[in-house]
Amino acid sequence: QVQLVESGGGLVQAGGSLRLACAASGLTFSRYATGWFRQAPGKEREFVAGLQSGIRTTYADSVEGRFTISGDNAKNTVYLQMNSLKPEDTAVYYCAADIVGYSRLVGGHLDYWGQGTQVTVSS
């Protein structure tokens, strides 16, 4: 049984940093495409960052240069380091994984999802 568990969310002031973690059981991240997504109240879920084959990274324009996705194979965990946070980054953040290509990763067409972690950035 596959399970993804996010952690690391919280309340932070604008300009601050947070690091989200997504720990997996039942799958090996290094063999999967992994993505971070977010959904703000009243908005659709959107792609934030993706990691393929543990090497190739992809970012939404809104977070490019501020967020970094990375993986730790030994811990079977994927991270999202978020710096220079803005109030508009406030959302529930989800990690997801599947064996898919780039377009399905960015489009959010993945089978396995975590329960989400709340990130709130105050101004």
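The values are calculated or read from the model by the stated rules, or taken from the named source; none is laboratory data. This structure is a prediction, so every number in the text was calculated from the model and none was measured. Cβ atoms come from the backbone with ideal geometry, glycine included; neighbour counts cover every protein chain shown. Protein only, heavy atoms only, side chains kept; ligands, DNA and RNA dropped before computing areas. Shrake-Rupley method; radii C 1.70, N 1.55, O 1.52, S 1.80 Å.
Taking residues in region 62-84 that are farther than 14 Å from residue 95 by Cβ and of a type in the set (S, T, N, Q), and partners anywhere that are modelled with pLDDT of 95 or more and open to solvent by less than 50 Å² (accessible area, probe 1.4 Å), the pairs with Cβ atoms closer than 7 Å and at least 6 places apart or on different chains are 83/66; 84/66. The sole residue among 92, 78 that is within 20 Å of residue 6 (Cα to Cα) and touching a helix residue (DSSP H, G or I) at 6+ places or on another chain (Cβ under 7 Å) is 78. If you go through region 15-42 and keep only what is closer than 22 Å to residue 84 by Cβ and within 17 Å of the chain's Cα centre (by Cα), you end up with 17, 18, 19, 20, 21, 22, 35, 36, 37, 38, 39, 40.
With the structure loaded, tell me whether residue 32 is within 28 Å of residue 123 (Cα to Cα) and either open to solvent by 30 Å² or more (accessible area, probe 1.4 Å) or modelled with pLDDT under 95 (or both) or whether it fails that test. Steps first, answer last, please.
Working: within 28 Å of residue 123 (Cα to Cα): no; either open to solvent by 30 Å² or more (accessible area, probe 1.4 Å) or modelled with pLDDT under 95 (or both): yes.
In short, no.
Does residue 68 satisfy the condition of being open to solvent by 50 Å² or more (accessible area, probe 1.4 Å), within 15 Å of residue 35 (Cβ to Cβ) and modelled with pLDDT of 95 or more?
Details: open to solvent by 50 Å² or more (accessible area, probe 1.4 Å): yes; within 15 Å of residue 35 (Cβ to Cβ): yes; modelled with pLDDT of 95 or more: yes.
It is true that residue 68 is open to solvent by 50 Å² or more (accessible area, probe 1.4 Å), within 15 Å of residue 35 (Cβ to Cβ) and modelled with pLDDT of 95 or more.
Specify which of the listed residues (12, 63, 48) is surrounded by 14 or more Cβ atoms within 10 Å (Cβ to Cβ), among the hydrophobic types (A, V, I, L, M, F, W, C) and under 10 Å from the mean Cα position of the chain (by Cα).
Details: 12 fails: under 10 Å from the mean Cα position of the chain (by Cα); 63 fails: under 10 Å from the mean Cα position of the chain (by Cα).
Checking each option against the conditions leaves just 48.
Residues in region 77-101 that are open to solvent by less than 70 Å² (accessible area, probe 1.4 Å), modelled with pLDDT of 95 or more and not in a strand (DSSP E or B): 83, 84, 85, 87, 89, 90.
Of all residues in region 1-11, which are under 12 Å from residue 77 (Cβ atoms) and in a strand (DSSP E or B)? Write out each step before concluding.
In the first step, residues of region 1-11 are kept if they are under 12 Å from residue 77 (Cβ atoms); the result is 4-8.
Hits for region 1-11 are 4, 5, 6, 7.
Among the numbered criteria (1) modelled with pLDDT under 95; (2) touching a Gly at 6+ places or on another chain (Cβ under 7 Å); (3) surrounded by 14 or more Cβ atoms within 10 Å (Cβ to Cβ); (4) at negative phi, which single criterion is violated by residue 4? Every listed condition holds for residue 4 apart from (1).
Within region 15-27, work out how many residues are farther than 16 Å from residue 79 by Cβ and open to solvent by 30 Å² or more (accessible area, probe 1.4 Å). Let's see the steps before the verdict.
Start the filter on region 15-27 by keeping residues that are farther than 16 Å from residue 79 by Cβ, which leaves 15-16, 25-27.
Right, trim to open to solvent by 30 Å² or more (accessible area, probe 1.4 Å) and you get 15, 25-26.
Final tally of qualifying residues: 3.
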